[in-house]
1. Apply 1/(1 + (r/R0)^6) to the Cβ-Cβ distance of GLU13 and ASP45, taking R0 = 25 Å, and write down the FRET efficiency to the nearest 0.05.
2. On average, how much accessible surface per residue is there in region 303-394, in Å², for a 1.4 Å probe, leaving out ligands, DNA and RNA?
3. What dipole magnitude, in Debye to the nearest 20, does region 105-200 give about its Cα centre under +1 on Lys/Arg Cβ and -1 on Asp/Glu Cβ?
4. May I ask for the net charge around ASN98, where only other residues with Cβ less than 12 Å from the Cβ of ASN98 are counted and Lys, Arg are +1 while Asp, Glu are -1?
5. As an exercise, use a Förster radius of 56 Å and the Cβ-Cβ distance of LYS174 and LYS394 to find the FRET efficiency, rounded to the nearest 0.05.
6. Just order 167-175, 275-283 by mean Cβ neighbour count inside 10 Å, highest at the front, would you?
7. Name the residue farthest towards the positive end of the dipole of region 158-230 from the options GLY179, PHE191, ALA219, assuming +1 on Cβ of Lys and Arg, -1 on Cβ of Asp and Glu, about the Cα centre.
8. Viscosity 1.002 mPa s, temperature 20 °C: what is the translational diffusion coefficient of region 180-335 from Stokes-Einstein with a Kirkwood Rh over Cα pairs, rounded to a whole number of µm²/s?
Amino acid sequence: MKYSLSSDTWDKEELQAIQDVIDSGRYTMGPKVAQFEKEFAEKFDVPYAVMVNSGSTANLLMWSCLVNKDQLHGDVIVPAVSWSTTYFPLLQNRFTPNFVDVDIDTLNLDVDKIEEAITEDTVAIFTVNLLGNSCDYSKILKLCQKYKLELIEDNCESLGAISNVTFAEGDSIKVRKCGTVGRMGSFSFFFSHHMQTMEGGMIACWDKDDYDFLRSLRAHGWCRDLPEENNLYKKSGDPFKDSFTFVTPGYSVRPLEMSGAIGSVQLKKCDKFIKERRNNAKYFVEKFSKLQNVKIQKEIGKSSWFGFSVILDGKLKNRRDQILNELNNKGIETRPIISGNFLKYPVTKFLDYKVHGKIKNSKEIDKNGFFIGNNHIDISKELAYFEDTIKNFK
């Protein structure tokens, strides 16, 4: 490919981190994972972080925590455009997703439609910060407060994004990072994402009881990883019993020790990675905001620009298949805007869900949208190549 969707962010430091784990003989979750969790929490200004083996299982544990710890049940508002494992963890934990249309400009939940969708059965809003772009949390938080709803974030594509919500800390005002606005938020470290740890994910959370419950859920439901001071289970003090006492309906979604070690290395580099992504975005926005027949994503807060979306309009509308074929022939890699309209997929016949109103924008994105990659290095030449291909398409 002349313009690929993503590239490797590793160098000799990540390889050395792997070798250090091999030399230690400890491959399963251990001190390297714990170190990365601590560093991640400090970096993102939250008290607690729990590493798991993917962003998808991060979503699974968040909703399993809410249904089991809080006995929360009911409808959850979700955007109609997202990844499959935004939705499946809800269904696996007996919540009912209520699909709401997205904003055609931001690609995130249409805030004006959220309040219309809230009923007496609604218990939470599950926001998705799409392609690095923050949701409009200044409005969403007000709705959560007004209707007493939980706010949970799927931030798997938007590590490093900054929301439009501020908070006071001492004498200064700080902005809230995406993934830390709600009660819990998920992150992904898959290959194409802002940080790459082979496989891996993280949950950021504010409440210690949530933190303890998540740690038990992560590893079989046992109490082994709980601290002595916790409100979930009073340990006996006998290691034989406490190592094999099961207190939550858990899973086995622990990360590898290698992934934790790599995470610590990547975390030191992530500011540089995101800065370069934003530099690429400046070039993209400058060029494509002036280009006829395409729409690009409107930024809320400060995006970390996972990728660059394009929605075909004007003379290019309804010609996506032809354009994608041309881009492929030119060596330009493309993807759908996440799932497009998720409700079109055959899997929905297995699902119990609701749909609020029409999902016009989600269908438009599904029909005329796609995205190209962003990266941690300068891709201005690739973007210029893409621009020329679009401008010269006939």
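1. So the FRET efficiency works out to roughly 0.50.
2. Numbers: 4670 Å² over 92 residues.
Per residue, region 303-394 has 51 Å² of solvent-accessible surface.
3. Values: 9 positive and 15 negative charges, 70 e Å.
Using only the charged Cβ atoms, the result is roughly 340 debye.
4. That sum, taken over residues with Cβ under 12 Å, equals -3.
5. The formula returns an efficiency of 0.65 here.
6. My ranking of the peptides, most packed first, is 275-283, 167-175.
7. Checked the options; the winner is PHE191.
8. 109 µm²/s
The values are calculated or read from the model by the stated rules, or taken from the named source; none is laboratory data. Keep in mind that what you see is a predicted model, and the values were worked out from it rather than measured. Please note: Cβ atoms are built from the backbone with ideal geometry, for glycine as well, and neighbour counts cover all protein chains shown. For the accessible areas, the whole protein counts, side chains as well, though only heavy atoms, and no ligand, DNA or RNA atoms are used. Shrake-Rupley method; radii C 1.70, N 1.55, O 1.52, S 1.80 Å.
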